[in-house]
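Enquirer: Would you mind keeping the following structure in view while I ask a few things?
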């Protein structure tokens, strides 16, 4: 896949109406409807400010939640328009529909230096079906399409892919940064290249592991999915997370790593407990000798030493997924240790996935990480080496 795509800097935006796809899928307080984190809004500011400073009129659009083609007003983008206006220090107009009369009239009247936010794209039944009619209607309001929602580029929807059939399409700064940093890490990494993978299921990450075995020097596997590998090798894992039907795949992966000369590291010890709860008492033990009535919930101290040691001297580190049940403080130590080690490694570091990013930010290491990816599913598909439809549709440089 070609990651070298045109950005807003490569085209003349002056005097043009720009359809800007953002990721404004922000968390809302269920009781009050208030935005609980505006990080995704602030992430869009550099692109919006650049467009405004260069004489463009910005028509922003985004999805929020999964209204499934219905107008669910608890998922309206109205609160986002208000917050975006506060952050920009200027009025952000809001359209009560996505491609209806209100959106069309406000888009037509929009002047350079002004911003309009359309209502939730997923209120339209055709959005997730990449309906060409909806894409055409969206595109009719603008002269250029800018993609800046990396979290949605793995989905072929009308507002992420369809509009590029009707308008010249380039990337905003957020998408450009993801392509530049993650593309280089995968295609031309500074070596040694260490990939750290965690999370619950082998099935979620098996394609990522397969792709990284062709690129990385060391692959570290932690989190719940590690127990399937341990069990496949004949270990006792008690009631730990297990994907019974993925054991053969785990053994094939271990064989593939050996064949390719890639070092694949698994936990050697674990913090286990008798139940899955925040107040469960952790006990350190051999990862392959967990009693029948206990489950592994985090990597143990010897594994922390092993995994962190493997990061020393790394040139590039990619991390996706926690090492344990990060939500429970007693079992967050492995994930925290990994965050610290990556921050202190001096490597080109890329962190993707909600829990990994949260660990890095909570511990105050965010400014020491080269790049924290904004897209969960998109980051995973990127690491799998899959073509991202919302990137493929952008103009090549």
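The values are calculated or read from the model by the stated rules, or taken from the named source; none is laboratory data. Bear in mind that the values here come from a model prediction, so they are computed numbers and not experimental data. Neighbour counts are summed over all protein chains in view; Cβ atoms, including those assigned to glycine, are modelled from backbone coordinates with ideal geometry.
Enquirer: Is at least one residue of the stretch 82-96 under 20 Å from residue 127 (Cα atoms) and assigned to a loop (DSSP other than H, G, I, E, B)?
Expert: Yes.
Enquirer: Pick from 341, 378: which is in a helix (DSSP H, G or I), at pLDDT below 95 and assigned by TED's automatic domain parsing to the domain that holds residue 272?
Expert: So the residue among 341, 378 that is in a helix (DSSP H, G or I), at pLDDT below 95 and assigned by TED's automatic domain parsing to the domain that holds residue 272 is 378.
Enquirer: Hey, another quick one. Out of the residues in the stretch 259-275 that are surrounded by fewer than 18 Cβ atoms within 10 Å (Cβ to Cβ) and more than 27 Å from the chain's Cα centre (by Cα), state the one that is modelled with the lowest pLDDT.
Expert: Within the stretch 259-275, the match that is modelled with the lowest pLDDT is 275.
Enquirer: Those residues that are at positive phi and touching a residue at least 60 places away in the same chain (Cβ under 8 Å), I need them from the stretch 360-397; list them, please.
Expert: 385, the sole residue that qualifies.
Enquirer: State the number of residues belonging to the stretch 186-199 that are closer than 25 Å to residue 250 by Cβ and either free of Cβ contacts under 8 Å to residues at least 60 places away in the same chain or in a helix (DSSP H, G or I) (or both).
Expert: Looking only at that region, the number is 1.
Quick grid of which residues meet (1) in contact with a helix residue (DSSP H, G or I) (Cβ under 6 Å, 6 or more places away or on another chain); (2) under 18 Å from residue 152 (Cβ atoms); (3) modelled with pLDDT under 95:
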{"position": "33", "(1), (2), (3)": "no, no, yes"}
{"position": "54", "(1), (2), (3)": "no, no, no"}
{"position": "64", "(1), (2), (3)": "yes, yes, no"}
{"position": "72", "(1), (2), (3)": "no, no, no"}
{"position": "79", "(1), (2), (3)": "no, no, no"}
{"position": "84", "(1), (2), (3)": "yes, yes, no"}
{"position": "94", "(1), (2), (3)": "yes, no, no"}
{"position": "102", "(1), (2), (3)": "no, no, no"}
{"position": "126", "(1), (2), (3)": "yes, yes, no"}
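Enquirer: Of everything in the stretch 202-234, what is outside any helix (DSSP H, G or I) and touching a helix residue (DSSP H, G or I) at 6+ places or on another chain (Cβ under 8 Å)? Give them in sequence order.
Expert: Passing the criteria: 213, 214, 215, 218, 219, 220, 221, 222, 225, 233.
Enquirer: Further, regarding this structure: What is the residue count in the stretch 346-375 for residues that are touching a strand residue (DSSP E or B) at 6+ places or on another chain (Cβ under 6 Å), at pLDDT 90 or above and either part of a loop (DSSP other than H, G, I, E, B) or outside the structural domain of residue 206 (by TED's automatic domain parsing) (or both)?
Expert: 3
Enquirer: Sort through 43, 60, 103 and tell me the only one that's in a helix (DSSP H, G or I) and either over 26 Å from residue 373 (Cα atoms) or in contact with a strand residue (DSSP E or B) (Cβ under 6 Å, 6 or more places away or on another chain) (or both).
Expert: 103
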